[in-house]
1. Any idea how many residues of the stretch 17-75 are of a type outside the set (K, R) and assigned to a strand (DSSP E or B)?
2. Tally time: how many residues in the stretch 162-184 are open to solvent by 70 Å² or more (accessible area, probe 1.4 Å) and either among the basic types (K, R) or over 20 Å from M130 (Cα atoms) (or both)?
3. Name the residues in the stretch 164-179 that are outside any strand (DSSP E or B) and in contact with a strand residue (DSSP E or B) (Cβ under 8 Å, 6 or more places away or on another chain), would you?
4. L199 is checked against (1) over 16 Å from M144 (Cα atoms); (2) in contact (Cβ under 8 Å) with a residue 24 or more places away in the chain and fails just one. What number does that condition carry?
5. Could you grab me the full set of residues in the stretch 10-24 that are out of contact with any Phe, Trp or Tyr (no Cβ under 8 Å at 6 or more places or on another chain) and closer than 21 Å to R39 by Cα?
6. Please determine, by comparing only the residues of the stretch 2-44 that are in contact with a Leu (Cβ under 7 Å, 6 or more places away or on another chain) and open to solvent by 90 Å² or more (accessible area, probe 1.4 Å), which one is farthest from L72 (Cα to Cα).
7. If the Cβ limit is 8 Å and pairs must be 6+ apart or interchain, which residue in the stretch 141-158 that is exposed (fewer than 13 other Cβ atoms within 10 Å of the Cβ) pairs with which residue that is assigned to a loop (DSSP other than H, G, I, E, B)?
Amino acid sequence: MVKGTAFAAGESGKHEAELFVMGETKAILRFDGKTIECRLDEVSRSERIGNLPLQLRFPEGELFIANDESDLPYSLQAKKRGWLTRLESSKTAILSSIAAALLFLVAFFYIGLPGISKGITQLLPDEIPMAVGEHVMSQLDERMFTASELDTERQQALNQRFDALVEMLPPMPVKPKLVLRNWKQGPNAFALSDGTVVLLDPLVNLAQTDAQLESVILHELGHVYHQHVMTGLVRSTLISVSVAVITGESTGVIDMMTGLGVLAATAGYSRADEEESDQFAAKYLSAIYGDASAQAEMFALLGEAHQTEGMSQWLSSHPDTESRIEAANSFQTE
């Protein structure tokens, strides 16, 4: 006889019960004045899940839970817990699994996602970065910028020098073009996904030499060459699409990318992107002028603007100015 608790079919109330196993052929369950008899092979056992008790189910739906499972005949006892069940019951295994999942997410975010984003960017048809760049530029013109106030001669000279610089560089994924605009919020420059390099009047006026200004132009062309803008937008879009799939909220992908484009154009790039573009600019400045000192000088001018006029817009998205000045000065000796 095995003592335990029984539940009548379709009821939640529990009753003290007794289970009798007659040889290897018959099972008898008694509780609440009732007697249920059946063949032993008609009694089914629940699967072992964690530390949940073993349940014996009779053909008509009655359940029996033994007070002590070791009292049950061997034929009715639960199978030995497998490795998966042991893992489910192990706090160490659970905590290790959580830690592993977190490490996987971090690795995916910092290693996997950037790699996937670069791969997707290289496979995108040319129409997508062109459409995104044009849309972002139109939004910036509508909301933030005004026409450049530089005199016509200066604008022509800048466009000619820009074209000359592009000719000295390796082939670009998209054809670069220069756009001059004015903005009262301070010196700034940035690149768009369609190859547009935007120079704002305060930054042009801040530069004391052509080489200093060219260091900024070459830096932004570095973003174009390495497709940093489109890669960043793809990465952001992948995150947004994932959230949309989880939450059920969806919008057009192009609208999503262009909306993110304005944010990306004004908020800057990752530290790795900045370092890569700094190195790109230093390399070609050195090829033209013999060293990259003009880059360090421009960083210093932007730093002074930060001290006297508040945060320089270009530096606000380009952290750690001192280390960048040091890198530019040391590049000429490499």
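1. Counting residues in the stretch 17-75 that are of a type outside the set (K, R) and assigned to a strand (DSSP E or B) gives 20.
2. Within the stretch 162-184, residues that are open to solvent by 70 Å² or more (accessible area, probe 1.4 Å) and either among the basic types (K, R) or over 20 Å from M130 (Cα atoms) (or both) number 5.
3. The one that is outside any strand (DSSP E or B) and in contact with a strand residue (DSSP E or B) (Cβ under 8 Å, 6 or more places away or on another chain): P176.
4. That leaves (1) as the condition not met.
5. Residues satisfying the conditions are F20, V21, M22, G23, E24.
6. Step by step, filter the stretch 2-44, then rank; the result is T25.
7. T146/W183
The values are calculated or read from the model by the stated rules, or taken from the named source; none is laboratory data. On a predicted model such as this, the values are computed, not experimentally measured, just so you know. For neighbour counting, all protein chains shown are included, and Cβ atoms are generated from backbone atoms with ideal geometry for every residue, glycine included. Just the protein is used for accessible areas: all its heavy atoms, side chains included, with ligands, DNA and RNA removed. Shrake-Rupley method; radii C 1.70, N 1.55, O 1.52, S 1.80 Å.
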